[in-house]
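J.: Take a look at the following structure, please.
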Amino acid sequence: MKTFIQDDFLLKNDTAKVLYHESAKDMPIIDYHNHLVPDEIAADKQFGTISDIWLAGDHYKWRAMRANGIDEAYITGEKSAYEKFLAWAETVPKMIGNPLYHWTHLELLRYFDIDTLLNEQTAPEIWEEVNRKLKQPSMSARSLLKKNKVEFVGTTDDPADDLKTHEALQQEDFDVQVSPSFRPDKGLGIEQDTFLPWVKSLEKASRKTIGSYPDFLEALSNRVDYFDEHGCRSSDHGINVMFYETVSEAETDAIFQKRLQGNKLSPKEVNQFKTYTLLSLGKMYAAKDWVMQLHIGPLRNNNARMFQMLGADSGFDSIGDASLAEPLAKFMDELENQGELPKTVLYSLNQKDYYVLAAMAGNYQNSKIPGKIQFGTSWWFNDQIDGMEYQMKTLANVGLISNFIGMLTDSRSFLSFPRHEYFRRILCNLLGTWVEEGQAPADMTLLKQYVKDICYYNAKRYFNL
């Protein structure tokens, strides 16, 4: 049976259709936050099977398969690539209403010209056809980026990474700009078992002995400089619960020394260290004109048994509901008062915080950078039709959607770029609906500029590309 994805998929009125087909459809892509592996881009990796590029590492799909009662052996276990694909094909027909149902068929259609519903009956034929096409040079990692008109890729990189792959890519004549993003989560997680080993890694990368907290900050500053030299445009921070505790540098040094000696810290000390360190990093980012991205609100590794078996990022995270407004305001205000608040993108995994973030962004805008503080696109569990519409309506209700920097994939897969198409269709349908309902003028020149800016130009300006 053919799929439901036609030219006007998700476009419910004539205005939406004009906006999408004449303005959004062919715009280039700036994917400013993702988890693609730079080594795979550098090597122009060719993927052996659809399972390698589609199922490996995709905890979205893993969760769906578990919800369908699929044994773990067919998800992260020892079963063959073909058996795992068949298990996914068994799950797909049961997913109507889940964005994965749309993404799956969009990707089959856009990359492989397969306009057939994936299920247990069609799976063997689709497996053969897709794997045959994956062998073609046009399906290599770099070719997939160019096929999707990707202009910029912002990967996610640890401060201790040597960035040699990025360096090699930047020395080539490659059409896509691949830049690192500074992700120092391990450097803020002072309470974690990974902290002390990571400090050793930072010492090695910065070529600086770290015996005190000022040494630690100097080493981080060294790595910020290094990343900046390698084309970095932004940082990224995964924050489970937002924090703010008043603390001096001397007090932070005492906390740091206590941890170096192997002693356990109190929750307050942990948050004091995180506060001073993130404030210090924010100032470094402002000096470089970087964007600071704050991804706030996941509740991670909830299934202790499976975490012990598979580790982090295996599909056992969910949505947290901690208080956000007050500590975030104090954090941003401290940087603003010192004139060192960088461009900032605020994301929340909990929709209860959408109005909090949209309103918070309005507190710290300025005349030099339109949309300096961004209420970021719907993220993770919210990356679906209702979530995207709610995020954009919230932004429009309390801010300026015209300055929105739009969509990102946040993905590890080279097949994820149709998510930009998905977002663009939803955006155009929302604007078209407002026109059809008499809430916005039928000024196509104005609306087309909105679409082009949100899909491409705003991000291009915001990240100084």
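The values are calculated or read from the model by the stated rules, or taken from the named source; none is laboratory data. It should be emphasised that the depicted structure is a prediction, and the values quoted were computed from it without experimental measurement. Cβ placement follows ideal geometry from the backbone for every residue including glycine, while neighbour counts extend to all protein chains displayed.
J.: All but one of (1) surrounded by 22 or more Cβ atoms within 10 Å (Cβ to Cβ); (2) at positive phi hold for ASN464, so report the exception by its number.
T.: Unmet condition: (1).
J.: Among the candidates ALA67, ALA56, single out the residue that is in contact with a Lys or Arg (Cβ under 9 Å, 6 or more places away or on another chain), within 26 Å of LEU10 (Cβ to Cβ), without any contact (Cβ under 8 Å) to a residue 40 or more places away in the chain and not assigned by TED's automatic domain parsing to the domain that holds CYS455.
T.: Testing whether each residue is in contact with a Lys or Arg (Cβ under 9 Å, 6 or more places away or on another chain), within 26 Å of LEU10 (Cβ to Cβ), without any contact (Cβ under 8 Å) to a residue 40 or more places away in the chain and not assigned by TED's automatic domain parsing to the domain that holds CYS455 leaves just ALA67.
J.: Quick one: which of ALA322, ALA312, ALA286 is buried (at least 18 other Cβ atoms within 10 Å of the Cβ) and within 24 Å of PRO184 (Cβ to Cβ)?
T.: That would be ALA286, the only listed residue that is buried (at least 18 other Cβ atoms within 10 Å of the Cβ) and within 24 Å of PRO184 (Cβ to Cβ).
J.: Which condition number in (1) in contact with a Pro (Cβ under 9 Å, 6 or more places away or on another chain); (2) crowded, with 20+ Cβ neighbours inside 10 Å; (3) farther than 22 Å from ARG412 by Cβ is the one that ILE190 fails?
T.: So the condition that ILE190 fails would be (1).
J.: Checking MET360 against (1) free of Cβ contacts under 8 Å to residues at least 12 places away in the same chain; (2) over 30 Å from TYR101 (Cβ atoms), only one condition comes out false. Which one?
T.: Result: MET360 fails condition (1) only.
J.: If I filter segment 112-130 for residues that are within 20 Å of the chain's Cα centre (by Cα) and modelled with pLDDT of 95 or more, do I get at least one hit?
T.: No, because not a single residue in segment 112-130 is within 20 Å of the chain's Cα centre (by Cα) and modelled with pLDDT of 95 or more.
J.: Pairs, please: C-beta under 8 Å, at least 6 apart or cross-chain, first residue within 13 Å of ARG110 (Cβ to Cβ) and in segment 2-13, second modelled with pLDDT of 95 or more and part of a loop (DSSP other than H, G, I, E, B)?
T.: THR3/ASP115; THR3/LEU117; ILE5/ASP115
J.: Say we look at segment 237-261 and pick out the residues that are in contact (Cβ under 8 Å) with a residue 40 or more places away in the chain and farther than 20 Å from PRO298 by Cβ; which of these is surrounded by the fewest Cβ atoms within 10 Å (Cβ to Cβ)?
T.: Ranking the qualifying residues of segment 237-261, first place goes to GLN257.
J.: Looking only at segment 415-465, which residues are in a loop (DSSP other than H, G, I, E, B) and farther than 29 Å from CYS232 by Cβ?
T.: If the condition is that a residue be in a loop (DSSP other than H, G, I, E, B) and farther than 29 Å from CYS232 by Cβ, then GLU437, GLY438, GLN439, ALA440, PRO441, ALA442, ASP443 are the ones that fit.
J.: For segment 262-275, give me the residue count where each residue is in contact (Cβ under 8 Å) with a residue 60 or more places away in the chain and closer than 17 Å to LEU328 by Cβ.
T.: Qualifying residue count for the region: 1.
J.: In this structure, does GLU167 turn out to be at negative phi and part of a helix (DSSP H, G or I)?
T.: It is true that GLU167 is at negative phi and part of a helix (DSSP H, G or I).
J.: In segment 386-410, which residue that is of a type in the set (Ser, Thr, Tyr) and more than 14 Å from the chain's Cα centre (by Cα) is nearest to LEU346 (Cα to Cα)?
T.: In this case the residue turns out to be THR394.
J.: Now a separate question. Looking only at segment 410-447, filter to residues that are closer than 18 Å to ASP26 by Cα and of a type in the set (D, E, K, R); which one of those is surrounded by the fewest Cβ atoms within 10 Å (Cβ to Cβ)?
T.: Across segment 410-447, the extreme among qualifying residues is GLU421.
J.: Taking the residues in segment 114-149 that are touching a residue at least 40 places away in the same chain (Cβ under 8 Å), out of contact with any Phe, Trp or Tyr (no Cβ under 8 Å at 6 or more places or on another chain) and in a loop (DSSP other than H, G, I, E, B) as candidates, determine which candidate is farthest from GLN46 (Cα to Cα).
T.: LEU117
J.: Are any of the residues in segment 322-342 modelled with pLDDT of 95 or more and within 17 Å of the chain's Cα centre (by Cα)?
T.: No.
J.: As an exercise: evaluate LYS84 against (1) surrounded by fewer than 21 Cβ atoms within 10 Å (Cβ to Cβ); (2) of a type in the set (Lys, Arg); (3) touching a helix residue (DSSP H, G or I) at 6+ places or on another chain (Cβ under 8 Å); (4) in contact (Cβ under 8 Å) with a residue 12 or more places away in the chain and give the number of the one condition it does not meet.
T.: Result: LYS84 passes all but (1).
J.: Then there is this: Would you check which residues across segment 209-225 are farther than 20 Å from ARG183 by Cβ and in contact with an Asp or Glu (Cβ under 8 Å, 6 or more places away or on another chain) and list them?
T.: THR209, SER212, TYR213, PRO214
J.: Here's another thing I want to ask about it. Out of ALA168, ALA219, which single residue is surrounded by fewer than 19 Cβ atoms within 10 Å (Cβ to Cβ) and either within 20 Å of ASP253 (Cα to Cα) or in contact (Cβ under 8 Å) with a residue 24 or more places away in the chain (or both)?
T.: ALA168
J.: State the number of residues belonging to segment 324-372 that are hydrophobic (A, V, I, L, M, F, W, C) and within 22 Å of ASP386 (Cβ to Cβ).
T.: 9
J.: Kindly check whether there is at least one residue in segment 13-26 that is touching a Gly at 6+ places or on another chain (Cβ under 7 Å), among the hydrophobic types (A, V, I, L, M, F, W, C) and buried (at least 16 other Cβ atoms within 10 Å of the Cβ).
T.: Yes, segment 13-26 contains a residue that is touching a Gly at 6+ places or on another chain (Cβ under 7 Å), among the hydrophobic types (A, V, I, L, M, F, W, C) and buried (at least 16 other Cβ atoms within 10 Å of the Cβ).
J.: How many residues, within segment 207-244, are in contact with a Ser or Thr (Cβ under 9 Å, 6 or more places away or on another chain) and either more than 20 Å from GLN293 (Cα to Cα) or assigned to a helix (DSSP H, G or I) (or both)?
T.: Matching residues across segment 207-244 total 13.
J.: Tell me, which residue of segment 49-65 that is modelled with pLDDT of 95 or more and part of a loop (DSSP other than H, G, I, E, B) is surrounded by the most Cβ atoms within 10 Å (Cβ to Cβ)?
T.: The residue in question is LEU55.
J.: Only one residue in LEU36, LEU19, LEU109 is in contact with a helix residue (DSSP H, G or I) (Cβ under 7 Å, 6 or more places away or on another chain) and either in the same structural domain as LEU294 (by TED's automatic domain parsing) or touching a residue at least 12 places away in the same chain (Cβ under 8 Å) (or both), so which one is that?
T.: LEU19
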